[in-house]
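> This is the structure I have questions about; it appears just below.
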Amino acid sequence: MTPRTPLCAANWKMHKTRPEAVAFADVLPSLVAGELERVEVFVCPPFTALAPTVDRLTDSVIRVAAQNMHFEDSGAFTGEVSPSMLTELGVDGAIVGHSERRQHFGETDEALARKVPAALAAGLVPILCVGETLDQREAGDTEAVLRGQVEADLADVAENDLERVVIAYEPIWAIGTGENATPEQAADAIAFIRSLVAARSESAAETIRILYGGSVKPGNAPDVLAPDGIDGALVGGASLDPNDFAAIVAACR
Ligand code: PGA
């Protein structure tokens, strides 16, 4: 048994209006009521729906995270949102480094090296996404890619703070494709990521949560999340439906 509390996060991406987010937040707590003592649950709405989602979940232990943030606290950064703007809303975390941001919006490891400590300093849980493309996997470069991302993105996180980071291993070829990694592929990559953390701090490696993400569905979640060392899931498409997401939360236990 690991000493880690599993974590399950719903990444809604660019989906859900405010009324749709509120409708989800109103039904989720009762759907996962039996799991909340054993699984930590995050919902990650688009920026526009953060405030009403936080509001509707005030009486629940379910927490809300953003899908991105800037590392500075204020300044001339048109279109960006700062860590303190998120905490002001009652937001408790932020996904950073999602592959869609790396691929389509120029997110760099240099920026992530600042975002992860900035999130921690603001009291936000950073959910740092890492993962390889299919070409990189087929070329045998998976570990090199993961090493590069993890070492760079966590470079400026103090050893004592590492355990507060959540890492999501999300192979890019499995995101939104319906093709999930096998439990073995996920477990191997996550064990490798944990070894990278252990090289910085053995105790942080014991405590840090490392999730799997990529086409997790109610049907495959019990299998793909079963191996030891997989501490939960970051769920995209299947998190848009509260019943599907609740089934995955149950599988994270
Ligand atoms: P998916 O997305 O579950 O739709 O594959 C996962 C993610 O991008 O976090």
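> From (1) out of contact with any Phe, Trp or Tyr (no Cβ under 6 Å at 6 or more places or on another chain); (2) open to solvent by less than 20 Å² (accessible area, probe 1.4 Å); (3) among the aliphatic types (A, V, I, L, M); (4) away from the ligand (no atom under 14 Å from the Cβ), pick out the condition that doesn't hold for Ala198.
So Ala198 meets the others, but not (2).
> Turning to a different aspect of this structure: Anything in the range 218-253 that is on the phi > 0 side of the Ramachandran plot and either within 13 Å of the ligand (Cβ to nearest atom) or without any contact (Cβ under 8 Å) to a residue 12 or more places away in the chain (or both)? List them, or say none.
Narrowing the range 218-253 to residues on the phi > 0 side of the Ramachandran plot: 229, 232.
Of everything in the range 218-253, just one residue is on the phi > 0 side of the Ramachandran plot and either within 13 Å of the ligand (Cβ to nearest atom) or without any contact (Cβ under 8 Å) to a residue 12 or more places away in the chain (or both), namely Gly232.
> A follow-up question, please. Could you tell me whether the range 164-173 includes any residue that is surrounded by fewer than 17 Cβ atoms within 10 Å (Cβ to Cβ) and among the small types (Gly, Ala, Ser)? Reasoning before the result, please.
Taking the range 164-173 first, the residues surrounded by fewer than 17 Cβ atoms within 10 Å (Cβ to Cβ) are none.
Scanning the range 164-173 turns up no residue that is surrounded by fewer than 17 Cβ atoms within 10 Å (Cβ to Cβ) and among the small types (Gly, Ala, Ser).
> Out of everything in the range 4-32 that is open to solvent by less than 50 Å² (accessible area, probe 1.4 Å) and assigned to a loop (DSSP other than H, G, I, E, B), what residue ends up being nearest to Val43 (Cα to Cα)?
Applying the first criterion (open to solvent by less than 50 Å² (accessible area, probe 1.4 Å)) to the range 4-32 yields 4, 6-13, 16, 21-22, 24-25, 28-29, 32.
Those still in the list that are assigned to a loop (DSSP other than H, G, I, E, B) too: 4, 6, 12-13, 16, 32.
Values: Arg4: 20, Pro6: 15, Trp12: 8, Lys13: 11, Lys16: 12, Val32: 13 Å.
This residue is Trp12.
> Here is a further query. For the range 129-138, indicate whether the set of residues that are in a strand (DSSP E or B) and either within 16 Å of the ligand (Cβ to nearest atom) or under 14 Å from Ala204 (Cβ atoms) (or both) is non-empty.
Of the range 129-138, the ones in a strand (DSSP E or B) are 129-130.
Next cut, either within 16 Å of the ligand (Cβ to nearest atom) or under 14 Å from Ala204 (Cβ atoms) (or both) only: 129-130.
So far as the range 129-138 goes, yes, one or more of its residues are in a strand (DSSP E or B) and either within 16 Å of the ligand (Cβ to nearest atom) or under 14 Å from Ala204 (Cβ atoms) (or both).
> Identify, from the list Glu100, Glu138, Glu88, the residue that is under 19 Å from the mean Cα position of the chain (by Cα) and more than 23 Å from Arg194 (Cβ to Cβ).
Glu100
> Against the condition in contact with a strand residue (DSSP E or B) (Cβ under 7 Å, 6 or more places away or on another chain) and outside any loop (DSSP other than H, G, I, E, B), how does Pro52 come out, does it pass?
Numbers: in contact with a strand residue (DSSP E or B) (Cβ under 7 Å, 6 or more places away or on another chain): no; outside any loop (DSSP other than H, G, I, E, B): yes.
Considered against the rule, which asks whether it is in contact with a strand residue (DSSP E or B) (Cβ under 7 Å, 6 or more places away or on another chain) and outside any loop (DSSP other than H, G, I, E, B), Pro52 comes out as no.
> From the set of residues in the range 143-163 that are open to solvent by less than 50 Å² (accessible area, probe 1.4 Å) and assigned to a loop (DSSP other than H, G, I, E, B), which is farthest from the ligand (Cβ to nearest atom)?
Val157
> More than 13 Å from the ligand (Cβ to nearest atom), in contact with a Phe, Trp or Tyr (Cβ under 9 Å, 6 or more places away or on another chain), under 19 Å from Thr133 (Cα atoms) and modelled with pLDDT of 95 or more: does that describe Ala187?
Working: more than 13 Å from the ligand (Cβ to nearest atom): yes; in contact with a Phe, Trp or Tyr (Cβ under 9 Å, 6 or more places away or on another chain): yes; under 19 Å from Thr133 (Cα atoms): yes; modelled with pLDDT of 95 or more: yes.
For Ala187, the condition - more than 13 Å from the ligand (Cβ to nearest atom), in contact with a Phe, Trp or Tyr (Cβ under 9 Å, 6 or more places away or on another chain), under 19 Å from Thr133 (Cα atoms) and modelled with pLDDT of 95 or more - is met.
> Being more than 16 Å from the ligand (Cβ to nearest atom) and open to solvent by less than 40 Å² (accessible area, probe 1.4 Å) is the requirement here; does Phe192 meet it? Spell out how you get there, then give the answer.
On the way: more than 16 Å from the ligand (Cβ to nearest atom): yes; open to solvent by less than 40 Å² (accessible area, probe 1.4 Å): yes.
So Phe192 passes the test.
> Pairs, please: C-beta under 9 Å, at least 6 apart or cross-chain, first residue among the basic types (Lys, Arg) and in the range 80-105, second open to solvent by less than 10 Å² (accessible area, probe 1.4 Å)?
Once the first residue is among the basic types (Lys, Arg) and sits in the range 80-105, its partners that are open to solvent by less than 10 Å² (accessible area, probe 1.4 Å) give Arg101/Ile95; Arg101/Cys129; Arg102/Leu112; Arg102/Cys129.
> Also, I was wondering about something else. Can you tell me which of Thr207, Thr177 is among the hydroxyl-bearing types (Ser, Thr, Tyr), open to solvent by 20 Å² or more (accessible area, probe 1.4 Å) and in contact with an Asp or Glu (Cβ under 9 Å, 6 or more places away or on another chain)? Full working, then the answer.
Details: Thr177 fails: in contact with an Asp or Glu (Cβ under 9 Å, 6 or more places away or on another chain).
Checking each option against the conditions leaves just Thr207.
> On to the next question. Please go through the range 74-89 and pick out each residue that is within 18 Å of Leu57 (Cα to Cα) and open to solvent by less than 90 Å² (accessible area, probe 1.4 Å). Talk me through it step by step, then tell me what you get.
Our first condition is that a residue be within 18 Å of Leu57 (Cα to Cα); within the range 74-89, this holds for 86-89.
Residues satisfying the conditions are Leu86, Thr87, Leu89.
> Another question, then. Consider the range 208-253. How many of its residues are modelled with pLDDT under 95 and among the aromatic types (Phe, Trp, Tyr)?
Result for the range 208-253: 0.
> Does Gly213 meet the test of being within 15 Å of the ligand (Cβ to nearest atom) and open to solvent by 30 Å² or more (accessible area, probe 1.4 Å)? Reasoning before the result, please.
Working: within 15 Å of the ligand (Cβ to nearest atom): yes; open to solvent by 30 Å² or more (accessible area, probe 1.4 Å): no.
Here the answer is no, as Gly213 does not meet what is asked.
The values are calculated or read from the model by the stated rules, or taken from the named source; none is laboratory data. Keep in mind that what you see is a predicted model, and the values were worked out from it rather than measured. Because the Cβ atoms are built from the backbone with ideal geometry, glycine has one as well, and the counts that use them run over all protein chains shown. These accessible areas exclude ligands, DNA and RNA; they are computed on the full protein's heavy atoms, side chains included. Shrake-Rupley method; radii C 1.70, N 1.55, O 1.52, S 1.80 Å.
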